[in-house]
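Engineer: Pasting a structure below so you can have a look.
None of the figures in this text is laboratory data; all of them are computed from the coordinates on show. Model, not experiment: these values are computed from the prediction. We place every Cβ from the backbone using ideal geometry, glycine too, and count neighbours over all the protein chains shown.
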Amino acid sequence: MSDVVSPRKIAAGLDEHWSPRVVAELDDSFVKVAKVQGTLAWHSHEHEDELFYILKGSLTIEMEDRTVVLHEGDAFVVPKGVRHNPVADEECHIMLIERKSTLHTGNEITGKTRSLAEQLRPIES
């Protein structure tokens, strides 16, 4: 049986930016939360869509053909194969829903890239 989780509280308790943490899983997907600020990296996920849901603050998602700005309570799906770059001018808390095969920054490796093992680390309570 699953445990009750509060994505908002877990995200608020994180101490690293751009380091998603898995808080739940369903079928072939993970539910992750992260605290973000600044710029992540231009990247894409060739075979997976990526859902962003804003728990607190605002997030800009730059794409090659447009830019979207998300505010608390907004959700947006970046379609598979679309190059994007998440940017948060101020600290923002997000929830992500991604297939388990989704690599954090796609095929782009940066100092902010987190492995699946890092994302699955136990969360301090």
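Engineer: Given H placed on each backbone N at 1.01 Å, which residues far from Glu25 in sequence or on other chains put an amide H within less than 5 Å of it?
Structural biologist: Result for Glu25 returns Val31.
Engineer: Follow-up. Put a dot 7 Å past each Cα toward the Cβ at Asp74 and Glu108; how far apart are the dots in nm?
Structural biologist: Simple spin-label model gives 2.0 nm for this pair.
Engineer: In the stretch 1-86, what GluC sites (Glu not before Pro) fall in a loop by DSSP, with at most 16 other Cβ atoms inside 10 Å?
Structural biologist: Passing sites in the stretch 1-86 are Glu16, Glu46, Glu64, Glu72.
Engineer: What length, rounded to one decimal in nm, is gained on full extension from Asp27 through to Arg121, with 0.36 nm per residue of separation minus their alpha-carbon distance? Please report the intermediate quantities before stating the final value.
Structural biologist: On the way: separation 94, 0.36 × 94 = 33.84 nm, distance 1.97 nm.
Working it through step by step, the gained length comes to 31.9 nm.
Engineer: For the stretch 40-119, with equal point scatterers placed on the C-alpha atoms only and solvent neglected, what are the log10 I(q)/I(0) values from the Debye formula at q = 0.14, 0.20 1/Å, to two decimals?
Structural biologist: Cα-only, vacuum Debye calculation for the stretch 40-119: -0.43, -0.91.
Engineer: Among the trypsin sites (Lys or Arg not before Pro) in the stretch 1-78, which ones are in a DSSP loop with at most 14 other Cβ atoms within 10 Å of the Cβ? Mind listing them?
Structural biologist: Arg66
Engineer: Treating the beta-carbon of each Lys and Arg as +1 and of each Asp and Glu as -1, no other charges, what is the dipole magnitude of the stretch 1-116 about its Cα centre, to the nearest 20 debye?
Structural biologist: On the way: 13 positive and 20 negative charges, 52 e Å.
Its charge dipole is roughly 240 debye.
Engineer: Then there's this: What FRET efficiency comes out for Met63 versus Asp3 if R0 is 25 angstrom and r is the Cβ-Cβ distance? Round to the nearest 0.05. Intermediate results must be reported in sequence, preceding the final value.
Structural biologist: Numbers: r = 35 Å, r/R0 = 1.41.
For R0 = 25 Å, the calculated efficiency reads 0.10.
Engineer: Suppose only helical runs count, i.e. DSSP H with n ≥ 4. What mean residue ellipticity at 222 nm does that imply for the chain under -39500 (n - 2.57) per run, divided by all residues and rounded to the nearest 500 deg cm²/dmol? Working shown, then result.
Structural biologist: Details: 2 runs with 11 residues, N = 125.
One gets -2000 deg cm²/dmol as the mean residue ellipticity at 222 nm.
Engineer: Of Tyr53, His17, Val77, which is farthest along the charge dipole of the chain in the positive direction, counting Lys and Arg as +1 and Asp and Glu as -1 at C-beta?
Structural biologist: Farthest towards the positive end: His17.
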